[in-house]
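Comments concern the structure below.
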Amino acid sequence: MTMSDQNKTPQAEEQVNPEAVVDETANGAEQAEVAAEVDPIEALREENAALKDRALRTMAEMENLRRRTEKEVKDAKAYAVAGFARDMLVVNDNLGRAIDALPDDARENDENLKALVEGVEMVEREMLNHLEKHGVKRLSPEGDKFNPHFHQAMFEVPNTEVPNNTVVQVVQAGYVIGERVLRPAMVGVSKGGPKIAPVADKAAEPGSTVDKEA
């Protein structure tokens, strides 16, 4: 080992770059200036405004959720029996067909048959009364203007005495439950009569929705 190697110290080996020192000093000064320019009160105001906006949005979402839940619960209660009611309508129709199949003279001449018919009619009325307690109502559209929301046209009847598209015959009764059509009435409509002036369709007309859920 030479004398020159012995004279080298760690301090001598590490060389400091003056330009790097100047840059670090300048960056530190700029950061200090930026920190000094930020107003802590203004920063708190901005943070408060952001938190307030977030809270208002959350409250609005919760209110919308509450309203949707209330509507869903209300609809569930109102239309929970829709499938059962639709099945009972078939039974009620069969009772009516059984009564209609009997000749009028047989009802009058046979006391036993007359009593049977009266009993079946009573059962039919009682069933309709119980369905009505659950929001099911019968449609009686004969003489009304044909409405595709409530009626299903099965055929046309030439008739010049009543306005065109008037329900002149009901083949099968229709029913509504709440604001939904449980089953549209099957009807025959008139044609050839005077035309009826068009009426603006109401968007929120009760019963304008056909319930197709089972």
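General remarks:
- Being open to solvent by less than 90 Å² (accessible area, probe 1.4 Å) and not in a strand (DSSP E or B) holds for only one residue in PRO148, PRO163, and it is PRO163.
- First in the stretch 118-133 and in contact (Cβ under 8 Å) with a residue 24 or more places away in the chain and closer than 16 Å to ALA101 by Cβ, second anywhere and of a type in the set (S, T, N, Q) and open to solvent by less than 90 Å² (accessible area, probe 1.4 Å), Cβ under 8 Å, 6 or more apart: GLU124/ASN92
- Qualifying residue in the stretch 71-88 (condition: at pLDDT below 90 and of a type in the set (Phe, Trp, Tyr)): yes
- Some residue of the stretch 57-76 being under 30 Å from ALA173 (Cβ atoms) and open to solvent by less than 100 Å² (accessible area, probe 1.4 Å): yes
- Looking across the stretch 115-137, the residues that are surrounded by 15 or more Cβ atoms within 10 Å (Cβ to Cβ), of a type outside the set (A, V, I, L, M, F, W, C) and closer than 16 Å to ALA173 by Cβ come down to GLU124, LYS137.
- Members of the stretch 93-117 that are of a type in the set (Asp, Glu) and without any contact (Cβ under 8 Å) to a residue 12 or more places away in the chain: ASP100, ASP104, ASP105, GLU108, ASP110, GLU111
- Any chance GLU142 is within 26 Å of VAL170 (Cβ to Cβ) and without any contact (Cβ under 8 Å) to a residue 12 or more places away in the chain: no
- Condition met for GLN169 (without any contact (Cβ under 8 Å) to a residue 60 or more places away in the chain, farther than 30 Å from ASP75 by Cα and part of a strand (DSSP E or B)): yes
- Boolean, ARG125 is in contact with an Asp or Glu (Cβ under 7 Å, 6 or more places away or on another chain), among the charged types (D, E, K, R) and under 28 Å from ALA80 (Cα atoms): no
- Criterion applied to ALA85, ALA106 was being over 27 Å from GLY135 (Cα atoms), open to solvent by less than 40 Å² (accessible area, probe 1.4 Å) and part of a helix (DSSP H, G or I), and the one residue passing it is ALA106.
- Scan of the stretch 175-190 for residues that are open to solvent by less than 40 Å² (accessible area, probe 1.4 Å), closer than 21 Å to LEU131 by Cβ and in contact with a Ser or Thr (Cβ under 9 Å, 6 or more places away or on another chain), ordered by number: VAL181, ALA185
The values are calculated or read from the model by the stated rules, or taken from the named source; none is laboratory data. Computed from a prediction, not measured in an experiment: that's the story for all the values here. No Cβ is skipped: glycine too gets one built from the backbone with ideal geometry, and neighbour counts run over all protein chains shown. Accessible surface is based on the protein model in full, side chains and every heavy atom, while ligands, DNA and RNA are left aside. Shrake-Rupley method; radii C 1.70, N 1.55, O 1.52, S 1.80 Å.
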